[in-house]
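Chemist: Input: one structure, supplied below.
The values are calculated or read from the model by the stated rules, or taken from the named source; none is laboratory data. Please read all numbers here as calculations on a predicted model, not as lab measurements. We place every Cβ from the backbone using ideal geometry, glycine too, and count neighbours over all the protein chains shown. Note: areas computed on protein heavy atoms with side chains; ligands, DNA, RNA excluded. Shrake-Rupley method; radii C 1.70, N 1.55, O 1.52, S 1.80 Å.
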Amino acid sequence: MWRDPGAPADSFYETRPECTDVPKSRFRIKAGKTLSARKWHAAFSPEGYLDIGKTLSRIHRGGIHPSIRGEVWEFLLGCYDPKSTFQERDEIRQRRREQYANWKEECRKLFPLIGSGRFITAPVITEDGRQVQDPLVLLENNPNNGLVIPTEVTDKGVIQWMLTLHQIGLDVIRTDRTLIFYEKKENLSKLWDILSVYARIDSDVGYGQGMSDLCSPMIILLNDEADAFWCFERLMRRLRGNFRCTDNSVGVEAQLSTLATITQVIDPKLHQHIEHIGGGDYLFAFRMIMVLFRREFSFCDSLYLWEMMWALEYDPDLFWMYEDDDDKSEESKGRLKSLRHYGKYERENMKNGAKNGEDPPLPISVFLVASVLKDKSTMLLQQAKGLDDVVKILNDVNGNLDAKKACVAALKLHKKYLKKVL
């Protein structure tokens with residue numbers, strides 16, 4: 001039987017011609033499977049209510065067409081409630097854009113390069129709040145001899161924030177540098193602005209390496225900077241725990257510990273071998289979890305993987321969980337929801353009681369990593385004599401993973417794990 005091979009989607013995210021070693025995307029736009037613009041718009045009622053069940057089903061089958069990816073992600077990440085109207089969403093969007101503009105202006109008053117179309121890659125302030133006097137640094141920050149920051153800053157929170165700004169700049173110029181999109185300095189500065197504003201408003205977490213990889217797709221998919229910021233902010237609601245650091249631990253260690261537990265239950269022999277060669281802390285999987293497989297997949301495939309994960313994890317209460325208004329949370333409880341409004345992964349958690357405990361359900365990303373380890377189990381057992389070998393074997397999966405197959409494998413592993421532990 002003839003099967004439609006689908007159209008490649010790489011043309012939507014063009015790479016620089018000199019970058020010849022970029023992996024080709026496996027994602028294909030397939031008629032009847034991929035959520036198209038026509039199907040997406042047909043999923044709304046005349047008032048603007050979205051049939052989220054039908055939308056999730058389509059995404060499960062074939063992902064999202066790149067032309068509508070940004071607006072669909074806003075729902076998957078909980079920016080909007082599918083049971084809201086067009087008018088309600090317009091009002092929320094406008095309110096959020098104003099909020100972002102206010103935060104950005106507050107940041108600009110502290111550091112006038114915010115919103116200027118430029119950014120920094122060298123420190124501008126010392127740990128005790130004094131302006132760095134290095135002539136090259138001053139030239140980068142003040143090309144027109146204008147004063148950029150006060151000669152001395154006393155607020156500890158502001159000092160801490162300013163100390164991260166050059167690190168954000170260094171990461172920005174390294175992020176997705178193979179894409180033509182980032183040849184424009186205005187796009188680099190937009191990424192720097194969003195990350196700088198986020199670091200200021202979420203002072204508990206601030207900025208951590210890897211956030212630029214998570215934020216970059218938002219800027220590419222959503223034209224309005226404020227909309228991109230809120231999409232990133234919603235994603236960070238899920239992931240900020242990974243970036244929260246204390247004197248004794250890094251936030252992601254909790255998920256690495258969970259990964260160890262899952263592997264011990266699913267493949268005890270592999271877990272024992274990993275412990276034997278000194279990898280019991282599972283730090284070799286740090287990058288996969290921190291930036292959600294951005295380095296293991298091509299740019300296009302990583303977006304496909306993300307939307308598959310979010311569709312599988314989808315909870316129709318997501319929007320209300322993130323709203324601060326208690327009355328709205330109560331309103332949400334009163335709304336009846338069908339099981340079809342939940343993602344497949346979330347349904348499995350509900351069926352097995354995994355959502356009833358004190359701790360939140362485990363994210364599907366941990367099972368994705370576990371499924372990669374399971375798939376490479378024989379090779380790891382036979383060839384890995386030390387951690388360097390583990391890293392080498394896992395590096396070989398880069399560009400060779402299939403997003404849909406990886407999600408299917410993670411779902412199976414999740415089901416098996418729940419049966420064994422609950």
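Chemist: Quote the FRET efficiency, to the nearest 0.05, computed for residue 415 versus residue 154 with a Förster distance R0 of 56 Å and r equal to the Cβ-Cβ distance.
Modeler: 0.50
Chemist: For the chain, which DSSP H helices look membrane-span-like by this rule: Cα extent along the axis of 30 Å or more and mean Kyte-Doolittle of at least -1.0? Intermediate results must be reported in sequence, preceding the final value.
Modeler: On the way: long enough: 86-110 (36 Å, -2.26).
Flagged H segments: there are none.
Chemist: With N residues in the chain, what two-decimal value do you get for its Cα radius of gyration over 2.2 N^0.38 Å?
Modeler: Scaled against compact globular proteins, the figure is 1.03.
Chemist: Under the rule of -39500 (n - 2.57) per DSSP H run of 4 or more residues, summed and divided by the residues of the chain, what mean residue ellipticity at 222 nm is obtained, to the nearest 500 deg cm²/dmol?
Modeler: -17000 deg cm²/dmol
Chemist: With +1 on each Lys and Arg Cβ and -1 on each Asp and Glu Cβ, how big is the dipole of the chain about its Cα centre, in debye rounded to the nearest 20? Working shown, then result.
Modeler: Working: 60 positive and 61 negative charges, 435 e Å.
My answer is approximately 2080 debye.
Chemist: Accessible area of the chain with a 1.4 Å probe: how many percent of it is carbon plus sulfur?
Modeler: 49
Chemist: Rounded, prolate or oblate for segment 1-125? Axes are the square roots of the Cα gyration tensor eigenvalues, ordered a ≥ b ≥ c, and the cut-off for rounded is a/c under 1.5.
Modeler: oblate
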